[in-house]
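Below is one structure; the comments refer to it alone.
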Amino acid sequence: MLSLLKNHPFAVEAFFKSSIVLTFAVPKDQLKPLIPECLELDSFNDKWAFLAVAMVQTKDLRPKGFPKLLGNDFFLIGYRTFVRFENSKGKKLRGLYILKSETDKKRMTFFGNIFTHYNYTTTDIHQEMNNGVLEINSSKSDFNLKIDYLNHENISLPAGSPFANWKEARRFAGPLPFTFTKEPGSNKILIIEGVRQNWKPEPINILYHHFSFIKNLNLTGATLANAFIIRNTSYYWKKGKTELWKQKERSSRVF
């Protein structure tokens, strides 16, 4: 019963006051060991795979259809990779695989770990605006982010980005339509579909970033590829669905 509860048993809705997403390009062989065999990396130019950090200020998060009065406000942080999954109909779905989840409220950690596989932990999260620079940091999680919050025009892609322009970069802005989880000890894949409204990613200028979680992965060649903010939008996650993943047999030839 407990394992079934973790499979996102009901739809959830929330209002996103803001969603800040930084996406790092990493040589794909570096990220391959971080995802289960049932998924494949969503790559760019057959060279780069992507690791994203999403910082979301949610409002009125609650089971879908419940009154806002019963909702809660949380700050959520997710570290995830961009992946694809081939479903039972042979269609390749584009989505995300969660590596780590954090929140600023123990209540979210408690209920999040009952109804999802995302393994939430509670951390301190501080935000401060000073002279147009938004700083978000955490002592416990050891991250620090500084954003030029006032400048919205003529923003350049980060130095070293593999993308030629912001149009290319938006393909890896997140969130993608689906989130995938492989149930421990089985070949069952949990698929959660997200539905968004008024989703307009705006490029932002990152002045400084440091994330111990990413640093501790010991990745080689990781570089900031893009950064976007989405403001004031509604979002909901559908009830989770499971599929049985069948490993494809590798053909062999005898010479």
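In table form, for the structure just shown:
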| read-out | value |
| --- | --- |
| Mean residue ellipticity (222 nm) of the chain, computed from DSSP H runs ≥ 4 via -39,500 (n - 2.57), nearest 500 | -2000 deg cm²/dmol |
| Least to most buried among Thr179, Thr223 (fewest other Cβ within 10 Å first) | Thr223, Thr179 |
| Residue exposure sequence - Glu135, Glu102 - by fewest surrounding Cβ within 10 Å | Glu135, Glu102 |
| Within a Gaussian network of the chain (alpha carbon springs, distance under 10 Å), most fluctuating of Lys106, Lys140, Lys64 | Lys140 |
| Antiparallel DSSP beta bridges within the chain, as percent of all bridges there, nearest 5 | 95 |
| Sparse-neighbourhood loop sites, chymotrypsin sites (Phe, Trp or Tyr not before Pro) in region 1-91 - DSSP loop, at most 16 other Cβ within 10 angstrom | Phe10 |
| Region 97-216, relative contact order [Cα under 8 Å, separation at least 6], % | 24 |
| Inter-label distance, nm, simple model (7 Å from Cα along the C-beta direction), Lys239/Glu128 | 4.7 |
| GluC sites (Glu not before Pro) restricted to region 146-255 and DSSP loop, no more than 12 other C-beta within 10 Å | Glu153, Glu249 |
| Length-normalised contact order for the chain - Cα pairs under 8 Å, 6+ apart - percent | 25 |
| Reciprocal of mean inverse Cα separation for region 106-255 (Kirkwood radius, Å) | 19.0 |
| Taking the convex hull of Cα positions in region 1-128, its mean projected area over all directions (nm²) | 10.0 |
| Reduced Cα scattering model of the chain, Debye log10 I(q)/I(0), q = 0.10, 0.11, 0.15 Å⁻¹ | -0.50, -0.61, -1.16 |
| Selection from Thr242, Tyr149, Thr116, by position along the positive dipole direction of region 2-244 (Cβ) | Thr242 |
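None of the figures in this text is laboratory data; all of them are computed from the coordinates on show. The structure displayed is predicted, hence computed values, not measured ones. Virtual Cβ from ideal backbone geometry, glycine too; neighbours counted across all protein chains shown.
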